[in-house]
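Notes follow once the structure below has been shown.
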Amino acid sequence: MANIEIIESANEISLKGMLTFKSVTTIKQAIVRWLEKREGVTIGLSGVRYSDSSGLALLMEWLRYAKQQNKTLNFVDMPEQMRAIAQVTDLSNILFLGDSSGK
């Protein structure tokens with residue numbers, strides 16, 4: 001079981017569950033396929049109950065792909081637990097762009 005669910009609506013995707021090494025491999029291509037069909041995507045992270053460093057690595061990989069394809073990708077509502085990892089790894093300035101929580 002992947003422990004992560006993708007909920008799609010219009011130009012937004014919400015992730016629900018846990019972003020771990022095991023789960024990121026199962027959803028990695030789903031966002032790429034979404035970006036291929038759209039100019040931009042917003043990914044809501046409020047439903048992420050837990051993330052290890054592989055979850056943040058996946059977000060960075062999606063950002064790199066979006067930039068290479070001249071697409072817009074925003075992450076919103078990042079949980080505090082993910083923020084803490086991002087701050088320790090110096091990714092917070094990159095990943096918090098477009099974060100609706102204003103932190």
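Summary table
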| quantity | calculated |
| --- | --- |
| Residue selected from the range 60-85 under the condition among the basic types (Lys, Arg) and farther than 18 Å from THR25 by Cα, by the criterion modelled with the lowest pLDDT | ARG83 |
| Odd one out for ALA57, checked against (1) touching a strand residue (DSSP E or B) at 6+ places or on another chain (Cβ under 6 Å); (2) over 19 Å from SER14 (Cβ atoms); (3) among the hydrophobic types (A, V, I, L, M, F, W, C) | (1) |
| Failed condition for GLY44, given (1) in contact (Cβ under 8 Å) with a residue 12 or more places away in the chain; (2) on the phi > 0 side of the Ramachandran plot; (3) out of contact with any Gly (no Cβ under 9 Å at 6 or more places or on another chain) | (2) |
| Matching entry among GLU5, GLU36, GLU80 (being acidic (Asp, Glu), loosely packed, with under 14 Cβ neighbours inside 10 Å and closer than 14 Å to LEU95 by Cβ) | GLU80 |
| Flag for THR20 being surrounded by 13 or more Cβ atoms within 10 Å (Cβ to Cβ) and closer than 15 Å to LEU95 by Cβ | no |
| The range 2-59, residues that are outside any helix (DSSP H, G or I), touching a helix residue (DSSP H, G or I) at 6+ places or on another chain (Cβ under 6 Å) and at pLDDT below 90 | ALA2, ASN3, VAL41 |
| Of all residues making up the range 50-70, the number that are surrounded by fewer than 17 Cβ atoms within 10 Å (Cβ to Cβ), over 15 Å from GLY17 (Cβ atoms) and not small (Gly, Ala, Ser) | 8 |
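The values are calculated or read from the model by the stated rules, or taken from the named source; none is laboratory data. Just so it is clear, the structure is predicted and the values come from calculations on it, not from any experiment. Note: ideal-geometry Cβ built from the backbone for every residue, glycine included; neighbour counts use all protein chains shown.
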